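What follows is a single structure, written as structure tokens, with notes after it.
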Amino acid sequence: MTQLLISVKNVEEAMLALDLGVNIIDLKDPNIGALGALDLQETKRILQAINGRGLVSATVGEQHGSLIELVQDIEARALLGVDMIKIAISPLFYTNNFERTIQSLVSRGIKIVAVFFADEAIDFNLLELIKLAGFWGAMLDTKIKQENLLQVQTKHELQNFTQTCHQYHLKSGLAGSLRPQHIDFLIEYNPTYIGFRGGVCKNLSRKSDLSSVKVIEVGDMLRSHNKINEKAQESKRLALHS
């Protein structure tokens, strides 16, 4: 079953997403880039308001000059109670102690997600390192928000990404300037979750406030597709055992 991730920027949006049954509430500041880190004080207020009633992920920003800085940002959010922490693929992934550093964080129960920017050159070979390091998952997103995920990646690459994640027992996520109608295409690749921000905001602007109508729309579409897929899988199981 594919889950719904909605990115939020404050307590009000987080509570709206929670009330509408969103599976993963993602904390992000849309004013400072694709993976803009939300202020720690606002992060704390959101976590207190949610109070364990939903899964929460958070980004840590993109401009880390060293592993030490990255670890500090990851630990700061983990200490507040964030469930999953998203970090962008960067040159730090290729440094000597990166794998060991991530393994140390994972051993303490911290779930980390690696984010590939789909509109840049992607090194899919990193998925093996990500598996070995103990990451919880990996996802595709777009850095430049003028184009959506389906415009910058082929169907073959999207399928290859989710299938490789599944083979490596990594949770897979697909996001990037998505609109409700994109669910029809992306659900075919069976990602663990599909993420939205601009496509569920007023005026379709990621810096605007969430629209409850649009969040309900994508939630209903995803649930409908999940039911169809579950019925198809059950029919396949029955046919195999008949």
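Checking each residue of the stretch 184-201 against the condition of being among the aromatic types (Phe, Trp, Tyr), touching a Pro at 6+ places or on another chain (Cβ under 9 Å) and at pLDDT 95 or above gives at least one match.
Test LYS202 against the criterion of being basic (Lys, Arg) and over 23 Å from VAL11 (Cβ atoms), and give yes or no. The answer is no for LYS202. Scanning the stretch 185-217 for residues that are aliphatic (A, V, I, L, M), closer than 14 Å to ILE6 by Cβ and either surrounded by fewer than 22 Cβ atoms within 10 Å (Cβ to Cβ) or free of Cβ contacts under 8 Å to residues at least 24 places away in the same chain (or both) turns up VAL213, ILE216.
GLU147 meets each of the listed conditions (1) modelled with pLDDT of 95 or more; (2) closer than 22 Å to THR59 by Cα apart from (1). Among the candidates ILE122, ILE130, the residue that is more than 20 Å from ASP26 (Cα to Cα) and modelled with pLDDT under 95 is uniquely ILE122.
Being under 14 Å from ILE85 (Cα atoms), free of Cβ contacts under 8 Å to residues at least 60 places away in the same chain, out of contact with any Asp or Glu (no Cβ under 8 Å at 6 or more places or on another chain) and not in a loop (DSSP other than H, G, I, E, B) is a condition met by at least one residue of the stretch 10-26.
Considered as a group, the residues in the stretch 120-156 that are touching a Ser or Thr at 6+ places or on another chain (Cβ under 8 Å) and in a strand (DSSP E or B) include one that is farthest from ALA34 (Cα to Cα), and that residue is GLY137. Of THR164, THR154, THR192, all but one fail to be of a type in the set (Val, Ile, Thr) and within 15 Å of the chain's Cα centre (by Cα); the exception is THR192.
The values are calculated or read from the model by the stated rules, or taken from the named source; none is laboratory data. Note that the coordinates shown come from a computational prediction; the quantities given were computed from them, not determined experimentally. Backbone-built Cβ (ideal geometry, glycine too); neighbour counts: all protein chains shown.
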